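Okay, so here's the structure we're looking at.
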Amino acid sequence: MECVVLAAGEGKRMRPLTAARPKVMLPIANRPMVEHLVVAARDAGITRFVFVVGYGEREVRKHFGNGSSLDVSITYVVQRQQRGTADALKSASKAVSGPFLLMNGDMLLSSGDIGAIAACEGHVMGVYSSDHPEDYGVVEVRNGHVTSLVEKSGSPESNLINAGVYRFEPEIIDLVSKVALSPRGEYEITDALAVLIKKGRLSAYSLEYWLDAGYPWDLLDANAAVLGTLSGEILGTVEEGVVLQGNVAVGKGTVLKSGTYIEGPCILGQGCRVGPHAYIRGATSIGDGCHIGHSIEIKNSVILPGTNIPHFNYVGDSVIGSGCNLGAGTKIANLRHDRANVIAGGRDTRREKFGAIIGDNVKTGINCSINAGTVIGSGVLIAPHASVEGTIIAGTRVR
């Protein structure tokens, strides 16, 4: 059985983190999120994958190649214009030869659920119980069959949502080829699903585990979940006087200097320099080639490769892009005084604690303050002693 993975979109809701990479390549525990999905499917017995790529396809191809590094086979089809999920599936139509799985590339699933859906017969939709179903396609199920699917209902009739994983018969290709352009200007697979629902031919499978990464703050939940399964492995150098508590993974060439204290679960990539006297708290992922220096505290954050946080900084509950440099004394706030949910980019994060979203190649001067919920675009330069909040457009110079 082939597995078609939708990996063509930019992920506009993930900006500015997707300015230089597609959404599916954003890291969770230092591996692209779509890699976790492929590994889970592989462990369920799926070995043939079709990636639908488009935006940032070069990065996807470079990382995965033909799939041999993961003991799978990957072929690629290109969706030149991102015109919806039905159009993406049409792009892959000639690459599938029988019943197949279809998955969005921006979620986490268990191998058990994937295997169970693959073993079903007919057309099957994976559904999941959500505490905020209004953000998704809301599903009603009777006697194991989907009877209704309503996209982003303001008053959902159910807490079950369309999780974005399916088992299809080849017939679906004919159905998506007949889908008309939606009011949003896309060819949407939900129109094809509506035909199956009307005929009573779309079954529902209730997933036991599902995590969606729709917004930057969702990366923190996904990162914590994956790190919770981490086994500690020390491949770098740990100087005398370093304390490691819990499961901590340290990559090759990484040096942990004396006085550093790390509370797992945490993962540090290859070629990093950490300390002396750095304090890293779970659940934190630090990418390859980062410098985490003297008297730093980082907690529950995702730091992309090549970023420097070198002197007297605090970073909490934040996602920081690659190639950034935080000047000495830069602090990121992560809690409002009224303890209300943090708002970022005009959206409720549903998190009491959330710091900042920082794009690639951002540089701050000394003693900068970044308020909770700040979104900083790529290439922003921030002058010393500046106080920053709200949304900062890419390339801005903040004085």
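The values are calculated or read from the model by the stated rules, or taken from the named source; none is laboratory data. What you are looking at is a predicted structure, and each value in this text was computed from that prediction instead of being measured. We place every Cβ from the backbone using ideal geometry, glycine too, and count neighbours over all the protein chains shown.
Laid out as a table, the results:
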| item | result |
| --- | --- |
| Residue check, Val52 crowded, with 23+ Cβ neighbours inside 10 Å and within 30 Å of Ile358 (Cβ to Cβ) | yes |
| Residues (closer than 18 Å to Ile161 by Cβ and either outside the structural domain of Gly164 (by TED's automatic domain parsing) or not acidic (Asp, Glu) (or both)) located in region 100-115 | Leu102, Met103, Asn104, Gly105, Met107, Leu108, Leu109, Ser110, Ile114 |
| Residue satisfying all of: in region 35-46; farther than 12 Å from Ile74 by Cα and out of contact with any Phe, Trp or Tyr (no Cβ under 8 Å at 6 or more places or on another chain); surrounded by the most Cβ atoms within 10 Å (Cβ to Cβ) among these | Leu37 |
| Any hit, region 347-357, residues being surrounded by fewer than 17 Cβ atoms within 10 Å (Cβ to Cβ) and either in a loop (DSSP other than H, G, I, E, B) or at positive phi (or both) | yes |
| Subset of region 26-57 (residues that are acidic (Asp, Glu) and either closer than 18 Å to Tyr215 by Cα or within 16 Å of the chain's Cα centre (by Cα) (or both)) | Glu35 |
| Of all residues making up region 23-33, the number that are closer than 25 Å to Asn247 by Cα and either polar (S, T, N, Q) or out of contact with any strand residue (DSSP E or B) (no Cβ under 6 Å at 6 or more places or on another chain) (or both) | 7 |
| Selected residue (only one of Lys94, Lys90, Lys62 is in contact (Cβ under 8 Å) with a residue 60 or more places away in the chain and more than 23 Å from Leu207 (Cβ to Cβ)) | Lys90 |
| Pick from region 118-147, criterion surrounded by fewer than 22 Cβ atoms within 10 Å (Cβ to Cβ) and among the β-branched types (Val, Ile, Thr), ranking: farthest from Asp212 (Cα to Cα) | Thr147 |
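Listed here are the residues, each with its yes/no results for (1) buried (at least 18 other Cβ atoms within 10 Å of the Cβ); (2) in a loop (DSSP other than H, G, I, E, B).
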{"site": "Ile262", "(1), (2)": "yes, no"}
{"site": "Gly271", "(1), (2)": "yes, yes"}
{"site": "His277", "(1), (2)": "no, yes"}
{"site": "Ile280", "(1), (2)": "yes, no"}
{"site": "Gly289", "(1), (2)": "yes, yes"}
{"site": "Ile292", "(1), (2)": "yes, no"}
{"site": "Ile298", "(1), (2)": "yes, no"}
